[in-house]
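What follows is a short report on a single structure.
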Amino acid sequence: MSKLFIAREACSFGAHVVIRELGLPIDVVRVPLRSAESPIHAVNPLGRVPALQLDDGVVITENSAILPYLADLQPGTPLFAPAGSAERAQIQGWIGYIGTEIHAAGFRQVNRPERYSADPATHDGIRQQSARTLHAAVAHIDRHLQGRDWLVGDRFTIADAYLGVFVRWISRLGPDFAGFDALNRFREAYLARASVQAALAAETE
Ligand SMILES: N[C@@H](CCC(=O)N[C@@H](CS)C(=O)NCC(=O)O)C(=O)O
């Protein structure tokens, strides 16, 4: 059976949600991160999750590849859109935006400034500037969500499964990030989904 390697509270949560949404027969395997002993190193040389290991041993990494791959296991699923359609490109566009602007340029720099400068004296400055960058990126998504429930079309897609990861993280960032009304509505709708509840329960057990 294929295996999805995840970690608690990590960006692998979106792929876990997609597995639950589609009822895919994939084992979800929780691993520790940032530990030399973690089994993730034998799967992904970067030591990162998510990583999807197929039955034949082939490994797929990166949310931008794993999320579409999982959806394509169930052709015609409303979680994605047909090859060649504008909706499919829009869904991929949001996954790209979230992965680069929200995760890499935003959260990673806020949480791990040491990856961007070896000088501890610069870390507070990196945190502050990247929090501003993150705020602008979140505001863009909040504006897009005004008057709509989900990112693309009128249904939950793999882009929403992925956005939900960061919307949960954003809710812990404090008062500067509390006033995004559309995003707050999105978070409630996301958390109300049976797939999200099941994935949360499995990741915290
Ligand atoms: N670009 C990758 C990022 C993956 C990533 O950074 N995963 C984090 C968890 S959110 C991780 O495994 N961190 C452990 C580490 O960097 O050592 C993706 O979108 O799949």
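Under the definition of Cα pairs under 8 Å and six or more residues apart, what whole-number percent is the relative contact order of the range 90-137?
Details: 31 pairs, mean separation 20.4, N = 48.
With pairs under 8 Å counted, the relative contact order is 42 percent.
Would you mind putting 69-81, 185-197 in packing order, based on average other-beta-carbon counts within 10 Å, highest first?
On the way: 69-81: 17.6, 185-197: 15.5.
Put in order of decreasing packing, that is 69-81, 185-197.
Could you list the residues of the range 81-115 with an amide nitrogen less than 15 Å from a label point located 7 Å from the Cα of HIS140 in the Cα-to-C-beta direction?
90-107
Among residues other than ARG112 whose Cβ falls under 11 Å from its Cβ, what is the net charge (Lys/Arg +1, Asp/Glu -1)? Walk me through the numbers before you get to the answer.
Working: positive: ARG34, ARG108, ARG115, ARG127; negative: GLU114.
So the environment of ARG112 carries a net charge of +3.
Just to confirm a number: summing +1 for Lys and Arg and -1 for Asp and Glu over residues other than VAL49 whose beta-carbon lies under 15 angstrom from that of VAL49, what do you get? Kindly include the intermediate steps, with their values, before the conclusion.
Details: positive: LYS3, ARG8, ARG30, ARG34, ARG48, ARG108; negative: GLU9, ASP27, GLU62, GLU203.
Local net charge: +2.
Keeping the other protein chains in place, figure out the carbon and sulfur percent of the accessible area of the chain, with a 1.4 Å probe. Please list the in-between numbers first.
On the way: 5100 of 9910 Å².
Roughly 51 percent, rounded to a whole number.
How many angstrom separate the Cα center of the range 56-91 from the Cα center of the range 104-170?
So the two Cα centres are separated by 22 Å.
Between ARG30 and LEU73, what is the label-point separation in nm under the 7 Å Cα-to-beta-carbon projection?
For LEU73 paired with ARG30, the spin-label model returns 2.0 nm.
If Lys and Arg each add +1 and Asp and Glu each add -1, what is the summed charge of the other residues whose beta carbon sits under 15 Å from the beta carbon of ILE95? Can you show the working numbers first?
Details: positive: ARG88; negative: GLU62, ASP72, GLU87, GLU101, ASP160.
Spelling it out: positives minus negatives among the neighbours equals -4.
In deg cm²/dmol and to the nearest 500, what is the mean residue ellipticity at 222 nm of the chain if only DSSP H runs of at least 4 residues count, each as -39500 (n - 2.57), divided by the residue total? Please report the intermediate quantities before stating the final value.
On the way: 9 runs with 98 residues, N = 205.
Here the helix-only value at 222 nm equals -14500 deg cm²/dmol.
According to a simple spin-label model (label point 7 Å from Cα along Cα-to-Cβ), what is the distance in nm between ALA42 and ALA105?
3.9 nm
For a protection proxy built on the mean count of beta-carbon atoms within 10 angstrom, sort 136-145, 5-14 highest first, please. Don't skip to the end; give the middle numbers.
Details: 136-145: 16.6, 5-14: 21.9.
So the order, starting with the most tightly packed, is 5-14, 136-145.
Testing the spin-label approximation: label points 7 Å from Cα along Cα→Cβ at GLU188 and HIS123. State their distance in nm.
Between GLU188 and HIS123, the label points sit 3.8 nm apart.
Per residue, how much accessible area does the chain show when a 1.4 Å probe rolls over the protein heavy atoms, in square angstrom? Don't skip to the end; give the middle numbers.
Values: 9910 Å² over 205 residues.
Computed with neighbouring chains in place, this is 48 Å² per residue.
The values are calculated or read from the model by the stated rules, or taken from the named source; none is laboratory data. Not measured: the values here are computed from a predicted model. Positions of Cβ are backbone-derived with ideal geometry, glycine not excepted, and every protein chain shown enters the neighbour counts. Protein only, heavy atoms only, side chains kept; ligands, DNA and RNA dropped before computing areas. Shrake-Rupley method; radii C 1.70, N 1.55, O 1.52, S 1.80 Å.
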